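**Q** Just dropping this structure here.
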Amino acid sequence: MRYKSFLLCVAFSYLFAFSQVVNAASIVQQDDDILLSFDNQSSLNVIIQKSTGKFGTYETIGQTYLSSFIDNNISGNPYSYYYKILTPDYEVLCTLSLETELFGPNVYIYSPSDDMSQVGKEINTIHDEMQYSQFGTNRYAFYFKPGNYADAGTLKIAYYMHFGGLGKTPYEVGLSNIIPPAPLLDNNGTCTFWRSLENFSVLSEPESTKEDYFWWGVSQAAPIRRVYSERKTIFDYYGGQASGGFAADCYFDDAAGSYSQQQWYTRNSYIEKGSSGINKGGWNNAYQGVEFGSSVYMPNHSDNWEINKNSFGNVSRVETTPIIREKPFLFIGDDGRYKVFKPALRENSIGTSYSQEDMGNGEILDLLNDFYIAKPGVTASTLNIQLSAGKHLFFTPGIYELEEPIYITKENAIILGTGYATLITAESNNTAAIVASDVNGITIASLLFDTYYHTKYLLQIGPDGSDADHSSNPSLLADLFFRVGGVKTTNVNADVALEINSSNVIGDHFWIWRADHGNGVGWTKNTSKNGLIVNGDNVTLYGLFNEHFQEYQTLWNGEYGKVYFYQSETPYDPTSQSIYMSHEGTKNGYASYKVSDLVEHHYACMMGIYDVFIRTGSATIAIDNAIEIPRTKDVKIHHACNVGLSSRGGINYIVNESVKSTYGTTGAKRFYILDYCETGIDENIALNNAEISIYPNPVVDVLNIRSKNNKNINKISILDFNGKVLKSQDYSESIDMSAFESGLYFISIETEGGSGIAKIIKQ
């Protein structure tokens, strides 16, 4: 087998009592050989040892007085070999491997030949260093070559840590168990962000006591993808609470559910036992494209908001996923080389994209040939040169300060990160971290975008005015997380975190976050108007988490948009109502989810929007509407709820002055609607040439009804949002509505020539 020559250098400096020095070590793959080079200044008879894993058994393969050594006994994957250079007294001078040099020091790759106790110790030691480092700078990825790692024990995962299997399917890598210990007291996982799992199995053996379950108690920006779990999976941590998460393309061979999650979204997965034995807490539990085992009691896993008093009255289910492409991932191919798998597009899909025997449909790319592997310190200019030359980008863990935007101009370009690689705009770059042209089929995945200074955008997809049709090859944005504030003590600003101008874009899991805690947090400190603006048509988003922005958190201007699952909190910190007004100062606050008035087609479902006005000083803050949509029959909302978490103030209505919400309530009370769309009929009804006027609207007490010819009107009825008749009477010029609660109602008017309906608002 012949391999492309590869050279990267790393410096190691070691001083010993005899002044022997080995530094500037390097490793080179030359055809079928591996060349080790080192600075043997004292001409020591250094010992060369070799293993097939980082913590494997090392065997001596030679000695040399020279500054180099050639290993010509290579078989299989050359990236499996690790070398130690030792003094004659067996002191380790340095350790070399091709894969360490390839990926950098913060990517840890394990082999089934490794000492499992050392694997578990290393990972858990790093966890202990990172558990409370919520806004730290270290980043890590841990990869496992195909094999069984059960003897490594339970592995702990903290901030900015990624676990990934390197097999073609999750069944090729087995781990005993994984837990994300909560950084807050009492196992509170509401700040358990920025960690991820991908492409391996969680085995049922060996079992322990407390950790028999697979506890995955996380919050936002903590995806679990392409994982096969033999254990019962619980999205909490030992009875603590958690704050929302995302699972996709997983196979749960037992039950999977939550005791306390505020919200949870599961897409294109299989759950053998449903949530059996797990009392589902929370406000918004959603399934989409999920298969269930034959014994599952489906009423508990289907739309049931209409029975809210029931313990399972918080579940939404969408049978299929209309269009999706799973996130690309790293694996080792049959030829021993590192590859990236780009899954194929699926339409109207159910269940996982793979089977036990098949990794699924898609494209396989060679990492070394097709990608530029980026490490911290690389310039944006270098990255743009690589992209222009036709390379994809693979970001290793670390923080990348970009002096100019990364420009994506070629179709089908892939920008893929691992270990929460973080992109920030330099002080000189106030445009964006990434700017994509309006081209086909780009992929941007597994990146954290952070704000250190001022920028207009963090990510922009397509320039203003993009109008190309990409329906045959849509772009994918997956596991992208945006942060404004929390890290720096100085003021930071991003006008808009994410703007999507291109059409036919698929978004699969975003957390867009104006920080509510951390450093430099306050109404005038970490300023940002909008989390997400969508101007493109036919944009479909799954698992959209968007919180705390100072104007519309989500502003949707494009046609035929679809959102499946939405989680949002109000900003914590407006200091007065007067600075937090929309519609040119005529409405209190800003809707979290705003569909522009000119949009004619839109659909959103499984929505949870919560008021959290807890840092407003003495001010009482209101938002008139959690959701605002235009008055047209083809803009529809299915399952939307509000929960009041403020000590005062809150949300007046869920949507368009309809259904009273959290304002003036205490405690975490949940208010919801099942379905909503406007009729598109004006308050003035024209029937059979009889002009009918309804006023005043909004109405406080008496609603007046007038026509040119009173005999044309036979009957008047008042209906609630769900079409239930609340009051009916023969025609008179007025109807008393003083006893009705505030909210949206409909008035039905029957005439000799037909009937009509109009919206009325009771104040």
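The values are calculated or read from the model by the stated rules, or taken from the named source; none is laboratory data. Here the structure is a predicted model, which is why all the values come from computation and not from measurement. Here the Cβ is made from the backbone with ideal geometry for all residues, glycine too, and neighbour counts use every protein chain on show.
**Q** Does residue 113 satisfy being outside any strand (DSSP E or B), in contact with a Ser or Thr (Cβ under 6 Å, 6 or more places away or on another chain) and in contact (Cβ under 8 Å) with a residue 24 or more places away in the chain? Walk me through it before giving the result.
**A** Numbers: outside any strand (DSSP E or B): yes; in contact with a Ser or Thr (Cβ under 6 Å, 6 or more places away or on another chain): yes; in contact (Cβ under 8 Å) with a residue 24 or more places away in the chain: yes.
The answer is yes for residue 113.
**Q** Looking at the range 61-68, is at least one residue crowded, with 18+ Cβ neighbours inside 10 Å and touching an Asp or Glu at 6+ places or on another chain (Cβ under 6 Å)?
**A** No, because not a single residue in the range 61-68 is crowded, with 18+ Cβ neighbours inside 10 Å and touching an Asp or Glu at 6+ places or on another chain (Cβ under 6 Å).
**Q** In this structure, is residue 79 in contact with a helix residue (DSSP H, G or I) (Cβ under 9 Å, 6 or more places away or on another chain), outside any loop (DSSP other than H, G, I, E, B) and modelled with pLDDT under 95?
**A** For residue 79, the condition - in contact with a helix residue (DSSP H, G or I) (Cβ under 9 Å, 6 or more places away or on another chain), outside any loop (DSSP other than H, G, I, E, B) and modelled with pLDDT under 95 - is met.
**Q** Does residue 196 satisfy the condition of being within 24 Å of residue 327 (Cβ to Cβ) and under 24 Å from the mean Cα position of the chain (by Cα)?
**A** Yes.
**Q** Something else now. Suppose we filter 343, 405, 397 for residues that are buried (at least 19 other Cβ atoms within 10 Å of the Cβ), under 30 Å from residue 293 (Cβ atoms) and out of contact with any Cys (no Cβ under 8 Å at 6 or more places or on another chain); which single one remains?
**A** Answer to the selection: 343.
**Q** Tell me which of these residue 562 doesn't satisfy, since it passes every other one: (1) in contact with a His (Cβ under 6 Å, 6 or more places away or on another chain); (2) within 23 Å of residue 288 (Cβ to Cβ).
**A** (1)
**Q** Among the residues in the range 116-138, are any assigned to a loop (DSSP other than H, G, I, E, B), crowded, with 20+ Cβ neighbours inside 10 Å and modelled with pLDDT of 95 or more?
**A** Checking the range 116-138: not a single residue is assigned to a loop (DSSP other than H, G, I, E, B), crowded, with 20+ Cβ neighbours inside 10 Å and modelled with pLDDT of 95 or more.
Yes/no per residue for (1) of a type in the set (Phe, Trp, Tyr); (2) in the same structural domain as residue 334 (by TED's automatic domain parsing); (3) touching a strand residue (DSSP E or B) at 6+ places or on another chain (Cβ under 8 Å); (4) within 30 Å of residue 361 (Cβ to Cβ):
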{"residue": "121", "(1), (2), (3), (4)": "no, no, no, no"}
{"residue": "130", "(1), (2), (3), (4)": "no, no, yes, no"}
{"residue": "135", "(1), (2), (3), (4)": "yes, no, yes, no"}
{"residue": "141", "(1), (2), (3), (4)": "no, no, yes, yes"}
{"residue": "173", "(1), (2), (3), (4)": "no, no, yes, yes"}
{"residue": "182", "(1), (2), (3), (4)": "no, no, yes, no"}
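Yes/no per residue for (1) under 47 Å from the mean Cα position of the chain (by Cα); (2) of a type in the set (A, V, I, L, M, F, W, C):
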| residue | (1), (2) |
| --- | --- |
| 39 | yes, no |
| 42 | no, no |
| 47 | no, yes |
| 69 | yes, yes |
| 72 | yes, no |
| 80 | yes, no |
| 84 | yes, no |
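**Q** Quick one: is residue 315 among the aliphatic types (A, V, I, L, M) and more than 21 Å from residue 216 (Cα to Cα)?
**A** no
**Q** Would you pick out the residues in the range 574-598 that are of a type in the set (Val, Ile, Thr) and surrounded by fewer than 20 Cβ atoms within 10 Å (Cβ to Cβ)?
**A** Taking the range 574-598 and keeping what is of a type in the set (Val, Ile, Thr), we get 575, 579, 586, 595.
Passing the criteria: 575, 579, 586.
Yes/no per residue for (1) surrounded by 18 or more Cβ atoms within 10 Å (Cβ to Cβ); (2) closer than 24 Å to residue 265 by Cβ:
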residue: 562; (1), (2): no, yes
residue: 622; (1), (2): yes, no
residue: 627; (1), (2): yes, yes
residue: 634; (1), (2): no, no
residue: 640; (1), (2): yes, yes
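**Q** Going by what's in this entry, would residue 480 be described as touching a Ser or Thr at 6+ places or on another chain (Cβ under 9 Å), under 26 Å from residue 565 (Cα atoms), outside the structural domain of residue 141 (by TED's automatic domain parsing) and without any contact (Cβ under 8 Å) to a residue 40 or more places away in the chain?
**A** Answer is yes for this residue.
**Q** Can you tell me how many residues within the range 571-590 are of a type outside the set (Asp, Glu) and in contact with a Phe, Trp or Tyr (Cβ under 6 Å, 6 or more places away or on another chain)? Reasoning before the result, please.
**A** Taking the range 571-590 first, the residues of a type outside the set (Asp, Glu) are 571-572, 574-583, 585-590.
Going one step further and asking which of them are in contact with a Phe, Trp or Tyr (Cβ under 6 Å, 6 or more places away or on another chain), we end up with 574-575, 582, 589-590.
Result for the range 571-590: 5.
**Q** Kindly indicate the residue of the range 282-305 that is under 21 Å from the mean Cα position of the chain (by Cα) and in a loop (DSSP other than H, G, I, E, B) and also surrounded by the most Cβ atoms within 10 Å (Cβ to Cβ) among those meeting that condition. Steps first, answer last, please.
**A** Residues of the range 282-305 that are under 21 Å from the mean Cα position of the chain (by Cα), as a first pass: 282-290.
Going one step further and asking which of them are in a loop (DSSP other than H, G, I, E, B), we end up with 282-283, 289-290.
Numbers: 282: 24, 283: 18, 289: 25, 290: 27.
Result: 290.
**Q** Among (1) assigned to a loop (DSSP other than H, G, I, E, B); (2) modelled with pLDDT under 95, where does residue 57 come up short?
**A** Condition (2) is where residue 57 drops out.
**Q** Identify, from the list 261, 241, the residue that is buried (at least 24 other Cβ atoms within 10 Å of the Cβ), in the same structural domain as residue 296 (by TED's automatic domain parsing) and not hydroxyl-bearing (Ser, Thr, Tyr).
**A** Working: 241 fails: buried (at least 24 other Cβ atoms within 10 Å of the Cβ).
Matching residue, one of 261, 241: 261.
**Q** Let me ask something additional. Sort out which residues of the range 439-448 are assigned to a strand (DSSP E or B) and on the phi > 0 side of the Ramachandran plot, and write them in order of number.
**A** Once the filter is applied, which keeps residues that are assigned to a strand (DSSP E or B) and on the phi > 0 side of the Ramachandran plot, the range 439-448 yields only 446.
**Q** Could you tell me which residue of the range 517-535 is surrounded by the most Cβ atoms within 10 Å (Cβ to Cβ), considering only residues that are of a type in the set (Gly, Ala, Ser) and closer than 26 Å to residue 284 by Cβ?
**A** Filtering first and then ranking leaves 531.
**Q** Also: Does any residue in the range 67-87 that is within 14 Å of residue 46 (Cβ to Cβ) come within less than 6 Å, Cβ to Cβ, of a residue that is of a type in the set (S, T, N, Q) and part of a strand (DSSP E or B) six or more places away or on a different chain, and which pairs are these?
**A** Hits for this filter: 68/37; 84/49; 84/95.
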